[in-house]
Amino acid sequence: MPGPAPWHVPAASQNSLCPPNGEAETTPMTTTERPERSVPKPVFTDAEAGAREFPDSSAGARRYNYFSPAKRKQTHYEDVTVEVQPDPRHYLSQGWIYGFANGETGYPLHWTKLKAWGVDEPEPRRGPGTGGLHVQNWPAHGWHEFRDPNEEWEQTLYRYNANVVRQLTQNVDNARNSKAFSLWASNWVHFVERHVGAWMHIEHILGLYVFAANERSGPTNMHNTAMAANSARKIRFAQDLALYNLTLTEEIDGFDGTAHLQAWNSDAEWQGARALTEALTAVEDDWGEAMFAANVVFEPLVGELFRSNLVMQSAAPNGDFVTPTVMGAGENDYSQRDLRWTVACFAPLTQDKEFADHNRQLMAGWLTKWVPQALESARTMQPLWSAADHKPPRFEDSLDRAKNRFAGICRDLGLDSPEELKQ
Amino acid sequence: MSRQSLAKAHQKIQELAWEPQYHEPYMKYKTDYTFRKAAKKDPLKQVLRSYFPMEEEKDNRVYGAQDGAIRGNMFRQVQERWLEWQKLFLSIIPLPEISAARSMPMLFHVVPNPELHNGQAIQMIDEVRHSTIQQNLKRLYMNNYIDPAGFNNSLRNFQSDYCGTIGRQFAEGFITGDAITAASIYLTIVAETAFTNTLFVAMPAEAAANGDYLLPTVFHSVQSDESRHISNGYATLLMALSDEDNRQLLERDLRYAWWNNHRVVDAAIGTFIEYGTKDRRKDRESYAEMWRRWIYDDYYRSYLVPLERYGLVIPHDLVEEAWTQIWEKGYVHEVAQFFATGWLANYWRIDAMTDEDFEWFEYKYPGWYDRYGKWWENYARLATPNGHHPIVAEDVDYVYPHRCWTCMVPCLVREDMVMQEVDGQWRTYCHEVCRWTDAEAFRPVYQGRETPNMGRLVGHREWETLYHGWNWADVVSDMGFVRDDGKTMTAQPHLDLDPKKMWTLDHMRRMGPLLSPNVILNEMTDAERDAFKADYNRQGPAGRSAPSDA
Amino acid sequence: MGDKHVVRFEPVGIEIEVDEDQTILRAAAEQGVQLMHGCKEGQCAACKSFVLEGEDIELDRYSTFALPDFEREEGQTLLCRAHAYEDLVIELLNYDEEIIRGGLPLRKGTVEVVSNEPVTHDLRHLVVKLVEPSEIKFFPGQYMDFVVPGTDETRSFSMANTPNRDGLFEFVIKIYPGGLFSEYLADKVQVGDQLQVEAPFGTFTLRESRTSDLLFLGGGAGMAPMLGLLRSMAERGVDRKATFYYGARTQQDLCFVGELAELAERLSDFTYVPALSHAPDDDGWDGERGLITEVVKRRESSLAGMDAYVCGPPPMVDAALATLTTLGVKENDIHYDKFTTTGEPEA
């Protein structure tokens, strides 16, 4: 048993923290003899940069010197991101110190079948007297060359998403104040409650169970941070749609806030997209395939097809100027952010100095596997194109646009568009 | 958003909960725990619509404070004694943060409760925030503090240094092995709720007392995100408790996590707070006092004990034992003394203790001077190079300790050291609980029960092994702890930046080779090993050799 | 010591007294109300809550990251730093109901028998008053352990009343031959006798955060906790729709008939459905007949979304669980305390 706490604060110092309604002293005292407050004393130390000269005091020593920047000058994003997740092929001389039951440790490079140059080189074998065997020629493999062009870290991530949230809130508030929802055609109200509503589920599942779920698996901090940021946008967009749905329930008489659940759970039009979305969560043990299938295949062929080529095109003729701003935020997430990092991540792999062929073949296989599923779920959605009074462009025209967009992404990645696209 | 609409909004987003219809998600991470599907409510209502602007606003205030600190020339009054330890702390902590982010998807995979996954996803984003905000604080120190060495090569240092490796338990332990053991019990129930939440509260106050008001700003902003994490931990724990089959595993994991956190966090934060400060007011709380209040009273008595009635087996004995280690066996003092002994293998400067420090220690820890005073006087005497070796190679009645295979802090409370041959290798452990952790808990069978998903302790856990037989100058330059003139060491056992008073590789070259205690232990005969252990257990306190009379 | 003020927590409906010198979190902990918290230093925001009524609050030093000014102006506060200077109503934002209620401190004490009146041929209405300590807190529906005089054995009985300042506890206990406590209650007990007790136990309490309709299903001495819950609802003006099915053998087994009728007046939407399983055909009973679970099945087509509370003899509880789940009550929403004894078989 430990004894009672063996310290005693001298009574005189106990009043260093006054209760909120601190009372007058109970012991008579002259005003000049107030006990000294117990506070740390600042001291002039002159511990400022440049105060003295000594080895490492120069301005050149004031930069993180343990990684090679992508360009001549290291960026703020690189400073706060690169090397935070260590690698035994670099400085991690004692190796990973915890293992899974099957003996795997850390962030195994085979958690995707993609390969970046250098990954087949053996890890340094360390043991008694070998020294640290730090890898001198850095980077030791191609994965470390990836930089997220969105430069996602704390400040950029919150600024971007907070801006989106503010814009949306304002747009919806303005619409509410100007009674803009009363202009909607009644069929359009049903379209929004069912089908715009159903889309929130796709964003939510992708955000949590594809992007966040793979955020443990990437080979570097840059990859995993990009997946986390992508996940954050998806989850936000899903919630944007849900809360928009809630607003409409309150603003529009007869707007059924639960219709999206029926649509999602039982409308035939949605079951193809749902099956595909769920299939994306079931990709086995390959973060690369999951990201590729979601952002390279699903998004242009199903996501943009629905968001841009159907909802955004149909809203205005049906008297709705608000839904496009909500959908547009998510569309912007994908086209300006999600796709950018994805291309920056995958395109170099098809030109990899060691594994270009391997990666191209692998990705071609993924296209063969996922493109038909995406086209099938797109076609399953076709009846939605005639659900509103004022019809959008023909489904086939919309799909062609989506296919063209997809073919463009394939070109950016250095891949041939797959045969299946002709279906 | 008004509160009422927030509650409604939170209710609404529950409609997003997903029940798979066509494909079950791939379950990459595994656990030996079992969960029933349960409608445990997410206790904390958080909607991203309010989350992002809130965090952005906090960020703006953090960066505003950073500008203010520079404009106000804060570094003219920062205590170097304090900021040097930040070279260690801030090299470690960004990895635990991103690891916490990585651990959240492991929980999605094993905890069947969609409502909790939202909270876990937000925690993931929080942790990314914390890691980058800390990297950024370190960058600011590097740019504005007098001595950037140790900050500028921070992550390289961290990844190759033994202190960094000790700290890495506090990261890899979150993300590897049984998903619940790692991400729930070790991370959220013990590390976040007990140790970081309480002791990281102490660090900012100490930083401010040492002239640094940026660390309080950054860490308070980090700390204010913890509410979500505490709720996440609680909700998962309650779900785990509802299945009786989990109780044996919960007991195992709570023992491991509690003890490991005590060994690692008390070693590090205890040293920063007791030996990294210049604030020696007698009414400043000592680490032991803080520990008693925050860990013992607040965490143990008011958080853990009430869970006993839900069937949680609380490691009462280990809570008391940790207190005994801190209060009676001088755990923090032994660790600080070891850090200072091994200053040359690190990447920050360690100030000697002065008479004012001695007086404070004696006041707070009666008997301190008799144990540690002489040694610290020797440390001050040997601080600047003057024809002698660094203190580790001088005769100051200090026996270089063996390393604990489990927690990787050396076996400093000598009487507690135990040995065992495990996986074909003789290993020393700082305490019976650390032996149990390696030899019994992290195994595929625990007390006769199959635990096929439990993790393993792997790696080159004794760093000296890698440099067995090396000259110290080569060790230091191989690790990269050298300044830009190519010879002056990053680390110094004093704070004087006069180049003539600084140690260089040339001084190191004159010392004998570094030998690995573990390699030597395994070369011994059984009889030699027994004798070694008997002698070791009679050493101390303060690393003194065993008395020769018995 | 400063003045004391009453702080009420919503939506759980718990009240505590807080001294001005204490933080609200501290006072709650001392009174066994376990609120979610972390650092207790005003930094982690885990205890952040919303002040619904009252405004005279002083905060000890805290981090403005945990509580920015604009949130404070909105009415948020940090319970670990807040001192109340008037009565307050506070909405908890972050809590687990089970834990809040699990938190009341277990206390041993001594009670004195105030009365022991028969309410049917085999049910006694036992009232005791606390001698020491000065208070044992409990939530309506929880139970107390009694040491059977002259033995080391304990028996558990649910409180039929609500917490009160007089330290009174009421029970409904079935007398049957051979029962340890029953025999004591039947033959030996005198007003003024002292008994050793320990309380509170059990989680048979209303989940306050819910608004769904309520179904109570009881038999025999299972009347006790039901009365506790219903009385508490009436006192606090809880307006959830409630139906109470009570099973008995014959008319002479029915009790508290007057009070239940009165509760029906006070509660906004309450129905009491007694049912007799062994009533002779000619006794003039015009209410429900048959096993209580059969009656429920007959009268209800779906109970989806409802919260159910079940207390009675074990065979009745088992039958009730099956019936209720069949009728659509979620397993998690059926509350029964396996320790809540009905006074039936003690062996």
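Throughout, read-outs are computed from the coordinates displayed, never taken from laboratory work. The structure displayed is predicted, hence computed values, not measured ones. Quick reminder, even Gly has a Cβ in these numbers, built from the backbone with ideal geometry, and neighbours come from all protein chains shown.
Based on Cα coordinates alone, diagonalise the gyration tensor for region A:312-398, multiply each eigenvalue by 5, take square roots, and list the semi-axes in whole Å, largest first.
Each semi-axis is the square root of five times an eigenvalue, giving 35, 18, 8 Å.
For the charge dipole of region B:127-279, defined by +1 on Lys and Arg C-beta atoms and -1 on Asp and Glu C-beta atoms about the Cα centroid, which residue among B:THR188, B:TRP258, B:PHE174 has the Cα displaced farthest towards the positive pole?
Farthest along the dipole direction, towards plus: B:PHE174.
Tell me what chain B gives for mean residue ellipticity at 222 nm when only DSSP H runs of n ≥ 4 count, each as -39,500 (n - 2.57), the sum divided by the residue total, rounded to 500 deg cm²/dmol.
Details: 22 runs with 262 residues, N = 550.
So the calculated ellipticity at 222 nm is -15000 deg cm²/dmol.
Determine the calculated [θ] at 222 nm for chain A from helices alone, applying -39500 (n - 2.57) to every DSSP H run no shorter than 4 residues and normalising by the residue count; nearest 500 deg cm²/dmol. Spell out each step's value before the answer.
Working: 12 runs with 169 residues, N = 423.
Rounded to the nearest 500, the figure is -13000 deg cm²/dmol.
To make sure I understand, if each residue's beta carbon is the centre and we count other beta carbons within 10 Å, what order do A:PHE306, B:PHE151, B:PHE532 fall in, fewest to most?
In order of increasing Cβ crowding within 10 Å: B:PHE532, A:PHE306, B:PHE151.
So what's the angle, to the nearest 10 degrees on a 0 to 90 scale, between helix B:316-327 and the longest Cα principal axis of chain B?
Tilt of helix B:316-327: around 30 degrees.
Quick one: pull the percentage of alpha-carbon pairs in region B:470-550 with a separation above 16 Å.
66 percent
Average partner chain C-beta neighbours within 10 Å, per residue of C:88-96?
Values: counts 0, 0, 0, 2, 1, 9, 10, 4, 7.
Mean number of neighbouring Cβ atoms from other chains: 4.
How high is the FRET efficiency from A:ASP253 to C:VAL119, r the C-beta distance, R0 41 Å, rounded to 0.05? Show your work: numbers first, answer last.
Working: r = 54 Å, r/R0 = 1.32.
Efficiency computed from Cβ-Cβ geometry: 0.15.
Need one number: the % of Cα-Cα pairs in chain C sitting beyond the 38 Å mark.
The share of Cα pairs beyond 38 Å in chain C comes to 24 percent.
Taking every residue in C:282-288, how many Cβ atoms of other protein chains lie within 10 Å of its Cβ, on average?
0
Kirkwood hydrodynamic radius of chain A from all distinct Cα pairs, in Å?
25.6 Å
Considering only DSSP beta bridges whose two residues both sit in the protein assembly as shown, what percent are antiparallel, to the nearest 5?
Taking every DSSP beta bridge within the protein assembly as shown, about 70 percent pair in antiparallel fashion.
If amide H atoms are built 1.01 Å from N in the plane of the peptide, which residues on other chains or at least 5 residues away come under 5 Å of the amide H of B:THR428?
It is B:TRP405, by chain and number.
Using amide H atoms built 1.01 Å from N in the peptide plane, name the residues 5+ places from C:GLN76, or on other chains, whose amide H lies under 5 Å from its own.
For C:GLN76, whose amide H was placed from the backbone, the distant partners under 5 Å are C:VAL51.
Output wanted: per-residue J couplings in Hz (rounded whole) for region B:331-345, from phi through Karplus 6.51 cos²θ - 1.76 cosθ + 1.60, θ = phi - 60°, x for Gly and Pro.
3, 5, 5, 5, 5, 4, 5, 5, 3, 5, 4, x, 3, 6, 9
Let me spell out the model: positive unit charges on the Cβ of Lys and Arg, negative unit charges on the Cβ of Asp and Glu, origin at the Cα centre of region A:330-423. What dipole size does that give, in debye rounded to 20?
120 debye
Can you list residues whose amide H is under 5 Å from A:GLU48's amide H, if they're 5+ apart or on another chain and H is modeled 1.01 Å from N?
B:ILE146
Starting from the 7 Å offset along Cα-to-Cβ, what nm value, one decimal, do you get for the label separation of B:ASP506 and C:GLN196?
Going by the 7 Å Cα→Cβ label model, 8.2 nm.
Going Cα to Cα from C:LYS188, which lysines come in below 17 Å? Please leave out same-chain ones fewer than 8 positions away.
Within the straight-line limit of under 17 Å, C:LYS188 reaches these lysines: C:LYS174.
Given a 10 angstrom Cα cut-off, can you work out which residue in A:ALA364, A:ALA140, A:ALA49 is the most mobile in a GNM of chain A?
A:ALA49
Given a Förster distance of 45 Å, report the FRET efficiency between A:ASP173 and B:ARG443 from their Cβ-Cβ distance, rounded to the nearest 0.05.
FRET efficiency, A:ASP173 to B:ARG443: 0.15.
Please turn the phi angles of region B:483-497 into ³J(HN,Hα) values with the Karplus equation 6.51 cos²θ - 1.76 cosθ + 1.60 (θ = phi - 60°), one per residue in order, whole Hz, x for glycine and proline.
Here the 3J(HN,Hα) series is 7, 6, 8, x, 9, 6, 6, 4, 7, 8, x, 6, 10, 7, 8 Hz.
Strictly over 32 Å apart at the Cα level, which of B:LYS282/B:LYS374; A:LYS179/C:LYS330; B:LYS87/B:LYS374; A:LYS113/A:LYS403; B:LYS282/B:LYS533 would you flag in this model?
The pairs that break the limit, which is 32 Å between Cα atoms, are A:LYS179/C:LYS330; B:LYS282/B:LYS533.
With θ taken as phi - 60° and the coefficients 6.51, -1.76 and 1.60, list the Karplus ³J(HN,Hα) couplings across region C:125-136 in order, rounded to whole Hz; mark glycine and proline as x.
Couplings: 9, 9, 10, 10, 10, 6, 9, 8, x, 6, 7, 10 Hz.
Any idea what angle helix C:257-266 forms with the longest principal axis of chain C, computed on alpha-carbon atoms, 0 to 90 degrees, nearest 10?
40 degrees
Can you check what the net charge comes to around A:ALA238, using other residues whose Cβ is under 12 Å from the Cβ of A:ALA238 (Lys, Arg +1; Asp, Glu -1)?
Result for the neighbourhood of A:ALA238: +1.
Taking Cα atoms, how many degrees apart are the long axis of helix B:94-110 and the longest axis of chain B, rounded to 10 and kept between 0 and 90?
Its long axis makes an angle of about 30 degrees.
Taking 7 Å along the Cα-to-C-beta vector as the label spot, tell me the C:GLU132-B:GLU308 distance in nanometres, rounded to one decimal.
Simple spin-label model gives 2.3 nm for this pair.
Starting from 0 in steps of 20 Å, tell me what percent of the Cα-Cα pairs of the protein assembly as shown lands in each bin.
10, 34, 35, 18, 3, 0
Please order B:VAL392, C:VAL273 by the number of other Cβ within 10 Å, starting at the fewest.
Least to most surrounded, the residues fall as C:VAL273, B:VAL392.
Quickly work out the B:ASP496-to-C:ARG72 label distance, labels modelled 7 Å from Cα along the C-beta direction, and quote it in nm with one decimal.
4.8 nm
Report, in whole Å, the centroid distance computed from the Cα atoms of region A:354-387 and region B:338-382.
Between the Cα centre of region A:354-387 and that of region B:338-382, the gap is 66 Å.
Using the count of nearby Cβ atoms within 10 Å as a rough guide to exposure, how do B:ASP535, C:ASP87 rank from fewest to most?
The order, fewest Cβ neighbours first, is B:ASP535, C:ASP87.
Place a +1 charge on the Cβ of each Lys and Arg in the protein assembly as shown and a -1 charge on the Cβ of each Asp and Glu, then give the dipole magnitude about the Cα centre in debye, rounded to the nearest 20.
The calculation lands at about 3340 debye.
About the Cα centre of region A:237-347, what is the dipole size in debye to 20, counting +1 per Lys and Arg Cβ and -1 per Asp and Glu Cβ, all else neutral? Numbers along the way, then the final one.
Working: 4 positive and 18 negative charges, 61 e Å.
My answer is approximately 300 debye.
Can you give the Rg to Rh ratio for region B:100-185, taking only C-alpha atoms and Rh from Kirkwood? Working shown, then result.
On the way: Rg = 16.1 Å, Rh = 14.7 Å.
Reported Rg/Rh (Cα atoms, Kirkwood Rh): 1.10.
Give the Cα extents of region B:188-303 along the principal axes, in whole Å, largest first.
If we take the Cα atoms of region B:188-303, the spans are 51, 25, 21 Å.
For B:ARG301 and B:ASN386, FRET efficiency with R0 = 45 Å and r from the beta-carbon atoms, rounded to 0.05?
According to the calculation, E is roughly 0.30.
Identify the residues of region A:121-138 with backbone N under 20 Å of a label point that sits 7 angstrom from the Cα of A:SER68 along the Cα-to-Cβ direction, or state none.
Taking a point 7 Å out along Cα→Cβ of A:SER68, the residues of region A:121-138 whose backbone N falls under 20 Å are A:121-124, A:133-138.
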